[in-house]
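Participant: My structure is below; once you've seen it, I'll send some questions.
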Amino acid sequence: MTQPTQNTDAGRSGGFLAEIKDAVTIRAALLVLGVLALQLAFIASYIGAFHHPKPSEIPIAVTAPLAQVAERSARQLAALPGKPLDPRTAKDEAAAVGLIENRDVDGALIIDPADRTDRLLVASGAGAALSQALEGVVGAAERAQGRTVRVIDVAPAYKGDSRGLSSFYLVIGWCVGGYLCAAILAISAGARPANSARAVIRLGALLVYAIAAGLLGAVIAGPVLDALPGSLMGLWGLGTLVVFAVGAITLAFQGLAGVVGIGLAILLVVVLGNPSAGGAYPYPLLPPFWSTIGPALPPGAGTYAARSITYFKGNDLAGPMLVLAGWAVLGSAVTLACAAFRRGRPGAAVGSGLPGPAGGSAG
């Protein structure tokens, strides 16, 4: 008589709960919890930065035919509730325009004591939201004095650059390419560099990629889509530095923390860097935390530099370019240091889970 067959797989597995314990390791659970934390941080960072834009100490120049009139108006603007403006006086209109072009101020109020209409100079190329905020604050202050204001855009956003956001999105695209390229270079053979030679090769490959990505991004934004009117060579150089800096940071994090380093790179560049970059809302409209960290992170430094190249003749580039160069050098140095001082057996990446020599696992 034929005996009924039993499910030997179920017998070996010890039941459904045992299958779960076998399939869901502690490491996998911790990684999933890390992803959840990263997701919640993403939501909190973006909503926290953008949910309530409020002007805060927007630098503005004030000038008038009489110095006393300019000084009095500057004091009145500085005393506005909530301190939305940070006014300073300028010698004359030409000096005020020079301050805008050099990115020392974001606008200028030209007072005409002989008329009841003053002129407000803005630069929408630095961000339409910022010029609109200036128009709203100064317009309200002028109306309170029984005066009106006429807005003049001295650095207007290009016809193909809606609200001055193309520079921001170009830089974000470069950042995404930088950390994705670095992640692929690293995880193709484990999460950490196997040795110094391989780390140098990865950095070299990243540099080649950065040069190509910088050029192609600048060509798409400029000649192809006609979105940005700035120097193609200037944007190419900026793009190369942005991509390499972000990629080097990603390689460094991977060298320090293995696969978790990819999440750390996303936390720094995407979760913290993107909303604080001054793209949708420039720094004077962001809450203090984001306006403080933004200029020190690659997306913010890159966005500011791209707008300077595009609309301000390359003025005030030194600061953001030094920030990007600093990240590139720091990321490269940490990547090489992690490779030089790594522990474990040769032939496999530390912490990668790949088998080591003679069938052993890499330790």
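Participant: Mind listing whichever residues of segment 84-131 are farther than 30 Å from Y169 by Cα, of a type outside the set (A, V, I, L, M, F, W, C) and surrounded by fewer than 23 Cβ atoms within 10 Å (Cβ to Cβ)?
Facilitator: Matches in segment 84-131: R88, T89, K91, D92, E93, D112, P113, D115, R116, T117, D118, R119.
Participant: Right, here's the next one. Residues of segment 225-264 being in a helix (DSSP H, G or I) and either touching a strand residue (DSSP E or B) at 6+ places or on another chain (Cβ under 6 Å) or more than 25 Å from L317 (Cα to Cα) (or both), which ones?
Facilitator: Residues satisfying the conditions are L251, A252, F253, Q254, G255, L256, A257, V260, G261, I262, G263, L264.
Participant: Among the listed residues A197, A213, A221, identify the single one that is of a type outside the set (D, E, K, R), touching a Gly at 6+ places or on another chain (Cβ under 7 Å) and not assigned by TED's automatic domain parsing to the domain that holds D86. Step through it out loud before you land on a result.
Facilitator: Details: A197 fails: touching a Gly at 6+ places or on another chain (Cβ under 7 Å); A221 fails: touching a Gly at 6+ places or on another chain (Cβ under 7 Å).
Result: A213 is the single residue among A197, A213, A221 that is of a type outside the set (D, E, K, R), touching a Gly at 6+ places or on another chain (Cβ under 7 Å) and not assigned by TED's automatic domain parsing to the domain that holds D86.
Participant: Of (1) of a type outside the set (D, E); (2) out of contact with any Ser or Thr (no Cβ under 8 Å at 6 or more places or on another chain); (3) closer than 29 Å to I293 by Cβ, S56 satisfies all except one. Which?
Facilitator: All conditions are met except number (2).
Participant: Can you name every residue in segment 136-170 that is among the small types (G, A, S) and surrounded by 15 or more Cβ atoms within 10 Å (Cβ to Cβ)? Before you say what the answer is, go through the steps one by one.
Facilitator: Step one: of segment 136-170, the residues among the small types (G, A, S) are 136, 139-141, 144, 146, 155, 157, 160, 162, 164, 166-167.
The answer is G139, A141, A155, A157, G164, S166, S167.
Participant: Go through (1) over 30 Å from V105 (Cα atoms); (2) touching a residue at least 12 places away in the same chain (Cβ under 8 Å); (3) crowded, with 18+ Cβ neighbours inside 10 Å one by one and return the number of the condition L264 breaks.
Facilitator: So the condition that L264 fails would be (2).
Participant: Let me ask another. Is it the case that segment 331-354 has a residue that's outside any loop (DSSP other than H, G, I, E, B), within 17 Å of the chain's Cα centre (by Cα) and modelled with pLDDT of 95 or more?
Facilitator: Step one: list which residues in segment 331-354 are outside any loop (DSSP other than H, G, I, E, B), which gives 331-340.
Applying the additional criterion that residues be within 17 Å of the chain's Cα centre (by Cα) yields 331.
Of the ones still in play, those that are also modelled with pLDDT of 95 or more are 331.
Yes, that holds for at least one residue.
Participant: Further question: Within segment 103-146, work out how many residues are in contact (Cβ under 8 Å) with a residue 24 or more places away in the chain, more than 19 Å from E71 (Cβ to Cβ) and not in a helix (DSSP H, G or I).
Facilitator: Total meeting the criteria: 8.
Participant: A follow-up question, please. Can R163 be described as closer than 30 Å to L238 by Cα and charged (D, E, K, R)?
Facilitator: Values: closer than 30 Å to L238 by Cα: yes; charged (D, E, K, R): yes.
Criteria met by R163.
The values are calculated or read from the model by the stated rules, or taken from the named source; none is laboratory data. All figures in this text were calculated on a predicted structure; none of them were measured in a lab. We place every Cβ from the backbone using ideal geometry, glycine too, and count neighbours over all the protein chains shown.
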